[in-house]
Every structure is written in structure tokens, then in C-alpha cells.
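First the structure, in the form of C-alpha cells, and then the observations on it.
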Amino acid sequence: MFIRNAWYIAAWADEVGPQPLARTILGDALVLFRDHEGRVGALEDRCCHRGTPLRFGEVVEGGLQCGYHGLVFDGSGACVSIPGQTKIPAKACVRSYPIVEKDEFLWIWMGEASEADTSKILDYPFHNDHAKWPHKHTVYHIAAGYELMVDNLMDLTHLAYVHKSTIGGSNAKIHVNAQMKVTPKDTGLHYLRWMLDCDAPPTYKKAVSFKGHVDRWQEFEFIAPSSVVQWSGALDVGRGAQDRRDQDGGFSLRLFHGLTPETESSCFYFWSTCNGYRQDEPEATEQLFAEIANAFTEDKAIVEAQQASLSVTGEDRLVDIVSDAARIHMRRTLQRMQAGESAVASSA
């Protein structure tokens, strides 16, 4: 069951241009478009006249024109023009969805429009600071449910097994024995991991020159239902990383992970890399993005295979281990949100 009363990423802002963009979110077929003033609209991908998908239309003066018989709909879903007639029937409209452009994202509300509180959209100011945090972004289609992708981000012991040549390194022991503190929050959870006096992984070594071993951190915050913000990095041992991580001369990156359900067993993975070192060198940002893309392609393969397996066997026979602490709390948060929506729906 989907959690509908929440803000999800519908697209990167630069994905929606002159041409309509079709995207299925939480099982709903949508079409996104920009009108001639640059305002973004999100509509049901179905014309109210003959049911033709609006993705086959085009943006014209007034809004999005159906590509079958020319009806035009504005961003609110109201029909504003019908070829050959001046009177527009009251029922001539399509469902619209609240959508907000912020920090290079397009955030969409899939539940009751009256509940769409824009103050609940998370802030991600790093996308607006191109000098300190130059960045790149993309989106992957994942043939797996979004919960499995969030699971993957909640248990980082997989790094030494899945990402040996990039962000993990080959020493599984440092990941398993990392110092970790999990802090539950009303909106999700926060965790911080420290791997002290260890060898830097390949991606870090390509980016900066270390003298030897490093003190390495991984800080994650899960904002329910499907956003994860990350700050990871490393400093040479002896520089007091645990007291002050924000120092020059080390490795530092910020990652945004946005998982938007498409169906029960597929999702869109919106992610960005913000480079916190050698910021005046565009090649450093490109190299970082390529390294992270390699790692996330590995995650994609693993999680899609996991989904295929669980679709047959189910999750009843799975066991939890110590490293699942953050993942378990994340799942319980989602269960509470789902139960809350079900209770409201039942009372209604």
C-alpha cells in the first residue's frame, strides 16, 4: 500500500521542458508540463473527452493541448478551450496534483490536495550553492520497490561486498565494526557511522591525496517516506575529524537519494552528487559522479535481483541481524504512516 499524503519527487526540474513528460507515480499515470510562463503543471494523463493520454499533446497558449481533438487544459486541470465551441462543460476537467519546484526538484503531492502543506517539503540548500558544492544529478528507473532501495541505504555493511572497487573498499571488517549511533526522529531517523584509522576506499583515493590512514564518516538522515540525505567523507588521521568534519584538504561529498514509487515493484531513483573538494575543477565533479554512478549501478543490479527473488518467495522467512537497526526503524516508520492513512480512510 502506498503512502499518498506525502511529498515525492516527480522529476528533476530540468527534465520538464517544452515537451510533456509522462511518468507513473504511486500507480497513477501523470503528465508533467511547463506552460509558456515556465510554470509546471501535473495532470492525470487522460483527456476527459475520449480518454486519450495527454502525453501525446503539446504545450500551447493556455496550457496543455490534447493531441487527439485539441482540448486545452491549464495547470489546475480545468479545460480552457475546446475547438469549435465556446461553451465549456462543467465536467470538462482532469485531475491535477499539487507540484512545487524547489532546489532543482519538482515535488508532487499524491494525496488529498487540501493536505498539501508546502512547509513539509525538505530543504536541500546544497543544490543552490554551486561554488561550495558543484554537483550533477540523474534518475534511474529501478525494477524494485522503493522500500528495498531505502533498505539498501540504511545498512551500509554491504559497501565492502558490493562496492569494493569504488566507495566501499575491500576491508569488510571496518564496515561491520564501524561505530554507529542511530537517532529516531519524528520524521524518520538519523545515523552517523565512524570508521577510524582505516584505509581510504578507491573513490576517495582518486579524488584527494591522503598521507596514510584516514578517519572516515557516513552521516545519513531518512525523511519518511522516501528521501535520504547523506554526508560522507574522510580526513587524515590526527586532524580531529570527529570534532570538526568540515575542514579543507580531505574528501567530502553530499548525496541526495530520492525514491519515488512507480508501482509496488518499481520506482524512480533520483540522486545527485555534490562535490566538497577541488570545487574549482570541473573534472573532479565529473569523476565523482562517474564513480558514484558505477556504485549505484551495482546497487541497482543487486536490488532488482532481490526484488525478483522476493516476488516469488516473499519476506516471511527473512531474518534480521545487528546491522539492520536503522533499516528496522525505517520500516516501522513507514508502517505507522500506512496505518495512519488506513485509519483515516476507514473512518471516512
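Data overview
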item: Considering residues of segment 188-214 that are small (Gly, Ala, Ser) and surrounded by 16 or more Cβ atoms within 10 Å (Cβ to Cβ) only, the residue farthest from Leu159 (Cα to Cα); result: Gly188
item: Of all residues making up segment 188-245, the number that are under 30 Å from Glu147 (Cα atoms) and part of a loop (DSSP other than H, G, I, E, B); result: 5
item: From Arg254, Arg278, residue being touching a residue at least 40 places away in the same chain (Cβ under 8 Å), under 20 Å from Ser232 (Cβ atoms), crowded, with 19+ Cβ neighbours inside 10 Å and of a type in the set (D, E, K, R); result: Arg254
item: Some residue of segment 230-249 being surrounded by 20 or more Cβ atoms within 10 Å (Cβ to Cβ), free of Cβ contacts under 8 Å to residues at least 60 places away in the same chain, touching a strand residue (DSSP E or B) at 6+ places or on another chain (Cβ under 9 Å) and among the aromatic types (Phe, Trp, Tyr); result: no
item: Matching residues, segment 128-156, being in contact with a Ser or Thr (Cβ under 7 Å, 6 or more places away or on another chain), buried (at least 20 other Cβ atoms within 10 Å of the Cβ) and not aromatic (Phe, Trp, Tyr); result: Pro134, His135, Ile142, Ala144, Gly145, Val150
item: Top-ranked residue in segment 314-344 [being of a type outside the set (D, E, K, R) and loosely packed, with under 10 Cβ neighbours inside 10 Å; ranked as nearest to Tyr191 (Cα to Cα)]; result: Val322
item: Filter pass, Lys136 being over 17 Å from Gly250 (Cα atoms) and in contact (Cβ under 8 Å) with a residue 24 or more places away in the chain; result: yes
item: Residue satisfying condition, being of a type in the set (D, E, K, R) and over 21 Å from the mean Cα position of the chain (by Cα), within set Asp280, Asp299; result: Asp280
item: Selection count where residues are surrounded by fewer than 16 Cβ atoms within 10 Å (Cβ to Cβ) and small (Gly, Ala, Ser), scope segment 44-66; result: 2
item: Identity of the residue in segment 95-108, among the aromatic types (Phe, Trp, Tyr) and within 14 Å of Arg23 (Cα to Cα), that ends up nearest to the chain's Cα centre (by Cα); result: Trp107
item: From Leu334, Leu259, Leu253, residue being outside any loop (DSSP other than H, G, I, E, B), assigned by TED's automatic domain parsing to the domain that holds Asp197 and more than 30 Å from Met1 (Cβ to Cβ); result: Leu253
item: Where a residue in segment 321-334 is under 20 Å from Ile223 (Cβ atoms) and touching a residue at least 12 places away in the same chain (Cβ under 8 Å) and its partner, wherever it lies, is of a type in the set (Ser, Thr, Tyr) and surrounded by 16 or more Cβ atoms within 10 Å (Cβ to Cβ), with Cβ under 7 Å and at least six apart; result: Ala326/Tyr191
item: Selection status of Leu32, over 30 Å from His135 (Cα atoms) and not in a loop (DSSP other than H, G, I, E, B); result: no
item: Considering residues of segment 251-283 that are touching a Phe, Trp or Tyr at 6+ places or on another chain (Cβ under 7 Å) and of a type in the set (Gly, Ala, Ser) only, the residue nearest to His141 (Cα to Cα); result: Gly258
item: Qualifying positions in segment 163-198 - of a type in the set (A, V, I, L, M) and within 24 Å of Ile223 (Cβ to Cβ); result: Ile167, Ala178, Met180, Val182, Leu189, Leu192
item: Which numbered condition Pro225 fails, given (1) of a type outside the set (A, V, I, L, M, F, W, C); (2) touching a residue at least 40 places away in the same chain (Cβ under 8 Å); (3) farther than 27 Å from Asp103 by Cα; result: (3)
item: Residue check, Lys185 surrounded by fewer than 20 Cβ atoms within 10 Å (Cβ to Cβ), out of contact with any helix residue (DSSP H, G or I) (no Cβ under 7 Å at 6 or more places or on another chain), closer than 19 Å to Thr273 by Cα and of a type outside the set (Gly, Ala, Ser); result: no
item: The listed residue being surrounded by fewer than 19 Cβ atoms within 10 Å (Cβ to Cβ), farther than 23 Å from Met110 by Cβ, modelled with pLDDT of 95 or more and assigned by TED's automatic domain parsing to the domain that holds Glu104, out of Val80, Val72; result: Val80
item: Inter-residue pairs, beta-carbon under 7 Å, first of a type in the set (Asp, Glu) and in segment 53-65, second surrounded by 17 or more Cβ atoms within 10 Å (Cβ to Cβ), 6+ apart; result: Glu58/Gln65
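The values are calculated or read from the model by the stated rules, or taken from the named source; none is laboratory data. Keep in mind the model is a prediction, meaning the values are calculated, not measured. All Cβ positions, glycine included, derive from the backbone under ideal geometry; neighbour counts span all protein chains shown.
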